[in-house]
Amino acid sequence: MTNAPLQILTVEDENAVAQMLALVLGGPAAKVTRAVDGWEALIKIGASEKPFDLVITDHRMPRMGGLDLVRRLRARKFDGKILVLSAHLSDEDIQAYEELDVDMMMSKPFDFQEIQNAVAVVTRGASVAA
């Protein structure tokens, strides 16, 4: 069992939410990398020397939203976990994400405890809580 920090990529166009995620999830147990949309996320995933364990993505973003990002990750056989955060998911969106096998969907707004618990569950108990 390795104690390497979790590699987390947050894909979020709202700066305040991205900063909050980095603050809540970052620390000795996790390294958080930020991307502002799906395009930037794909570039960062491609350029990263260590694979990301978890991608936390918003649904609605400019250029490339969460659904397109997840489709592309699945096409590339991305084997990390995927957590979708959104205030606006239609039934069709939810079904599409389920068909793409995302690990969890959470609605915004959320609190610190909820996101820490979600990450712990999705990463099978690897705790990022302080």
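The alpha-carbon of Lys77 sits under 17 angstrom from the alpha-carbons of these lysines, leaving out residues fewer than 8 places away in its chain: Lys44, Lys50. Across region 6-121, the convex hull enclosing all Cα atoms gives 94 Å³ per residue. For Pro5, neighbours were defined as the other residues whose beta-carbon sits under 10 Å from its Cβ, and their charges (Lys and Arg +1, Asp and Glu -1) total +1. The stretch between Ala75 and Ala87, if pulled fully straight at 0.36 nm per residue, gains 1.7 nm over its current Cα-Cα span.
Cross-link partners for Lys81 among the aspartates and glutamates, with Cα-Cα distance under 15 Å and sequence neighbours closer than 8 places in the same chain left out: Asp53, Asp58, Glu98, Glu99, Asp101, Asp103.
Built from the Cα atoms of region 1-70, the convex hull projects on average onto 4.7 nm², one quarter of its surface area. Computed extension length for Ser48-Glu99: 15.7 nm, one decimal, from 0.36 nm per residue of separation with the Cα-Cα distance subtracted. Each Cα pair under 8 Å and six or more residues apart adds its sequence gap; the mean of these over the residue count of the chain is a relative contact order of 23 percent. Reported to the nearest whole Å, the Cα centre-to-centre distance from region 1-54 to region 63-130 is 13.
Values in this text are rule-based calculations from the coordinates and carry no lab data. Remember, it's a predicted structure, so these values are computed and weren't measured experimentally. All Cβ positions, even for glycine, are placed from backbone atoms using ideal geometry, and neighbour counts span all protein chains on display.
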